[in-house]
Amino acid sequence: MKKVELRIIGLSYSQTQVGSYVLVLGKKKGNTRLPIIIKPLDAQYISMKIEDIKTSRPLTQDLIRSITDSLGADLQQVVITNVIEGIFYAKMIFSNIDEFEIECSVGDAISQALSYGCPIFCNKEVLNICGIEMTNDGTVTEEQYKEKHKERDYNGGVTVENLENMLQKAIENEEYEIASQLRDRINEIKDEE
């Protein structure tokens, strides 16, 4: 998998999904932006890290850092690996005696990257599909606008089996809101068949 290094460009309240936030990542070199919806708790932690705000008590992300430090594991990098039906997937790559990976949400991955000060990468294919090319004045290029607004079949390559696997992972990770959305999408596809 080819990877591209990203940096945090900004964080904003989502205008389209109530109670969520948009984390905007950008290529270290270039004008490509990757907007990702994240949970409020992840947004809170990320904004606190960006603004260098200290808390009197450790947050969950700090607890994870303490546990991994106690186990002698060091976070080397986080990678946004995939996107399926608008849901981004990520993994954290740790090193100890051996290297190991942990799958997680993008918000959790970015939170830990800020905690450890490690680089953030994205699968180049994900960036090519979901990235937005911006001009120097912050507007979308004309080619990008035309490409993003043409008719597409977004269901190509998404199978009920893949969605059911994602549903099982969401339930295991206690991400019930995502699980309910996946369940609804599975039912829609089955009804269409």
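Observations on the structure shown:
- Nonlocal amide H pairs with Ser105, under 5 Å, H built at 1.01 Å: none
- Here the 3J(HN,Hα) profile of the stretch 163-177, calculated from phi with Karplus coefficients 6.51, -1.76 and 1.60 at θ = phi - 60°, is 5, 5, 5, 5, 4, 4, 5, 4, 5, 4, 8, 6, 9, 6, 5 Hz, Gly and Pro shown as x.
- Between Glu188 and Glu103, the FRET efficiency estimated from the beta carbon spacing at R0 = 30 angstrom works out to 0.75.
- Shape of the chain, Cα gyration tensor, a/c cut at 1.5: oblate
- When a 1.4 Å probe is rolled over the protein heavy atoms, the share of accessible surface on the chain that falls to carbon and sulfur comes to 49 percent.
- Candidates Ile53, Gly30, Ile87 compared by Cα position along the dipole of the stretch 6-91: farthest toward the positive end lies Gly30, with charges placed on Cβ.
- Helix-only CD estimate at 222 nm, as mean residue ellipticity for the chain, using -39500 (n - 2.57) per DSSP H run (n ≥ 4): -12000 deg cm²/dmol
- Backbone geometry of the stretch 65-82 corresponds, through the Karplus equation with coefficients 6.51, -1.76 and 1.60 at θ = phi - 60°, to 3J(HN,Hα) couplings of 4, 4, 5, 5, 5, 4, 7, x, 9, 10, 6, 8, 6, 10, 9, 7, 9, 7 Hz, x marking Gly and Pro.
- Peptides 23-32, 117-126 ranked from most to least packed give 117-126, 23-32, packing being the mean of other C-beta atoms within 10 angstrom over each peptide's residues.
The values are calculated or read from the model by the stated rules, or taken from the named source; none is laboratory data. Keep in mind the model is a prediction, meaning the values are calculated, not measured. Note: ideal-geometry Cβ built from the backbone for every residue, glycine included; neighbour counts use all protein chains shown. To get the accessible areas, we keep the full protein, side chains included, count just its heavy atoms, and leave off ligands, DNA and RNA. Shrake-Rupley method; radii C 1.70, N 1.55, O 1.52, S 1.80 Å.
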